[in-house]
Amino acid sequence: DRKDLDKFVQFVASPYFNQHEPTRKLLLLIIKEKSRKKPRLQKEFIFSKLYPNSVYDEQKLYNIMSNLKKLLNRFLAQLQFEMTPLQEELHTVTWAYDKNHFSFFTNRARHLGKQLEKAPYKNQDYYYSNYRLNSMMGYYRVQYIDRSKSNELQSMLDYLDKYYILEKLRNSCHLAANRMLM
């Protein structure tokens, strides 16, 4: 839809994700041509618009098209990532733990814990996030705080069991429904 297309244009224009100007130009050219009654999307035409004073080079065009496709794949992953807010915080906590930034880790872990407490649904994302959070917190406390006072490791196993059972039930329901249809 138009909203996602506008977001994709912003994504491709971002110097963090794309520093290749011809790729950005290719996207804008495709959008412009697709809005025409008779779009001109022949490779030679596109290349001549991207490189007006150059001889047609198919490989060069394929490289730009490949860059744009990679950016599209990354953009779609980003959209999916944004639809699961717990995952963003979980990845932040994981990064801090892996890099041994423990003050940042404990701060973000506390924040994620509050988000999980307020979670409106106890779905697979909820249980998986709790499992991962308790896993990191448990190993952090055992390794760096006090080995005898870590309840998170048992919580980690409990959340892992709940996540597994929920996924097993969900997939079993799909399988049963599929069998009924067949």
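The single residue among T84, T92 that is at pLDDT below 90 and either buried (at least 19 other Cβ atoms within 10 Å of the Cβ) or closer than 30 Å to V9 by Cα (or both) turns out to be T84. If you filter region 95-151 down to residues that are in contact with a helix residue (DSSP H, G or I) (Cβ under 6 Å, 6 or more places away or on another chain) and outside any helix (DSSP H, G or I), you find that the one that is surrounded by the fewest Cβ atoms within 10 Å (Cβ to Cβ) is A119. Close contacts from region 7-23, counting a first residue that is within 22 Å of F47 (Cα to Cα) and hydroxyl-bearing (S, T, Y) and a second that is assigned to a helix (DSSP H, G or I) and open to solvent by less than 70 Å² (accessible area, probe 1.4 Å), with Cβ to Cβ under 7 Å and a gap of 6+ residues or different chains, come to T23/V12; T23/I64; T23/N67; T23/L68; T23/L71. Within region 89-130, restricting attention to residues that are in contact (Cβ under 8 Å) with a residue 12 or more places away in the chain and acidic (D, E), the residue that is nearest to Y164 (Cα to Cα) is D125.
Could you list, in sequence order, the residues of region 127-182 that are closer than 22 Å to A96 by Cα and of a type in the set (D, E)? If the condition is that a residue be closer than 22 Å to A96 by Cα and of a type in the set (D, E), then D146, E152 are the ones that fit.
Residues in region 60-82: is at least one part of a loop (DSSP other than H, G, I, E, B) and out of contact with any strand residue (DSSP E or B) (no Cβ under 6 Å at 6 or more places or on another chain)? Step through it out loud before you land on a result.
Taking region 60-82 and keeping what is part of a loop (DSSP other than H, G, I, E, B), we get none.
Looking through region 60-82, none of the residues is part of a loop (DSSP other than H, G, I, E, B) and out of contact with any strand residue (DSSP E or B) (no Cβ under 6 Å at 6 or more places or on another chain).
The values are calculated or read from the model by the stated rules, or taken from the named source; none is laboratory data. None of these values were measured; they are calculated from a predicted model. We place every Cβ from the backbone using ideal geometry, glycine too, and count neighbours over all the protein chains shown. SASA here: full protein model, heavy atoms, side chains in, ligands and nucleic acids out. Shrake-Rupley method; radii C 1.70, N 1.55, O 1.52, S 1.80 Å.
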